[in-house]
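Just below is one structure, and these are the notes that go with it.
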Amino acid sequence: VHDYHFGLEEGEGVSELFDCD
Amino acid sequence: PPQTPVRAAMNSIQQLRVVLASASDAPSEVLSAYFKNCTVDPTQEITQRVRRLGEHFSQRFAQAMGQRCMEIGSQRFTLGTRLYYRVMESMLKSEERRLSVQNFSKLLNDSAFHTSLLACALEVVTATYRGTGGFGVAVETDLSFPWILDVFQLVAYDFYKVIESFIKAEPSLSRDMIKHLEHCEHLVMESIAWRGDSPLFELLHQAREEGPGEQAEPPAT
């Protein structure tokens, strides 16, 4: 079990991060 | 029974090799279908980029570890390539579910996305082998993050963008590896992304020109 903080919100993913949405 | 650091590292390497044993160092049929669904088929660009970055990686690995190690560098790059394609497929399936689209032309023709994803895969491979140096003797220190950013001439800000999605897309990552990627993330956020040549400053300038968006939170008491 890890405690990594998932910061992306609902509706956010790699497409949005690279301005490809 | 408690493991010595070398035994723990050897087990991590074995685990990585088992996970990637069934993975291909070329696009799978599923991945190829995503490529062909694109407005502009990115297949040739992707495979040529992998070949080019593979040459860079092997040369730099040999510079760091000795010329006799070039073949080892090449083997590690192959492992990284398998992980890259595996995670890419997983990401695209997830994006397809999330966005209900099958045409990822813009994303799959984005060089920064592919270079970042491949760099992240290689960071996982490099960090896995770090405990033993691959020879069971020396600990590699020269290949520590952000070494891979320099090898690929990759902007830290772009590398940062794939980390969380990478972790979500690859369930086989160990707790230690997730912590390592989190450490890379923190290094980028706290330091590397703020270096003078970072695109972050231009993006902040553009954001300021676009005007205030969300209301800023009031200062905490």
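The values are calculated or read from the model by the stated rules, or taken from the named source; none is laboratory data. Please read all numbers here as calculations on a predicted model, not as lab measurements. In this analysis, Cβ positions are derived from the backbone assuming ideal geometry, glycine residues included, and neighbour counts consider all displayed protein chains.
Condition check for B:Ile148 on (1) modelled with pLDDT under 95; (2) part of a helix (DSSP H, G or I); (3) more than 14 Å from chain A (Cβ to nearest Cβ): one failure, at (1). Search the stretch A:5-21 for residues being over 18 Å from B:Leu117 (Cβ atoms) and either surrounded by 14 or more Cβ atoms within 10 Å (Cβ to Cβ) or of a type in the set (D, E, K, R) (or both), and hand back the single one that is farthest from the other protein chains (Cβ to nearest Cβ). Looking at residues that are over 18 Å from B:Leu117 (Cβ atoms) and either surrounded by 14 or more Cβ atoms within 10 Å (Cβ to Cβ) or of a type in the set (D, E, K, R) (or both), I get A:Glu9.
Among residues that are under 20 Å from B:Ser94 (Cβ atoms), at the interface with chain A (Cβ under 10 Å from one of its Cβ atoms) and of a type outside the set (Phe, Trp, Tyr), B:Glu170 is not included. Taking the numbered list (1) within 14 Å of B:Ala121 (Cα to Cα); (2) more than 14 Å from chain A (Cβ to nearest Cβ) in turn, B:Met91 passes all entries but (2).
Each residue in the stretch B:180-205 was checked for being within 12 Å of another protein chain (Cβ to nearest Cβ), farther than 18 Å from A:Leu17 by Cα and loosely packed, with under 15 Cβ neighbours inside 10 Å, and 1 pass. Counting the residues of the stretch B:35-68 that are free of Cβ contacts under 8 Å to residues at least 24 places away in the same chain and of a type in the set (A, V, I, L, M, F, W, C) gives 1.
Scan the helices (runs of 4 or more DSSP H) fully inside the stretch B:1-113 and keep the ones with 2 or more residues being under 23 Å from B:Ser172 (Cβ atoms).
Numbers: elements: B:5-21, B:29-36, B:43-65, B:70-99, B:105-108.
Result: B:5-21, B:29-36, B:43-65, B:70-99.
Filtering B:Leu79, B:Leu107 for residues that are surrounded by 15 or more Cβ atoms within 10 Å (Cβ to Cβ), on the phi < 0 side of the Ramachandran plot, within 14 Å of another protein chain (Cβ to nearest Cβ) and at pLDDT 95 or above leaves a single hit, B:Leu107.
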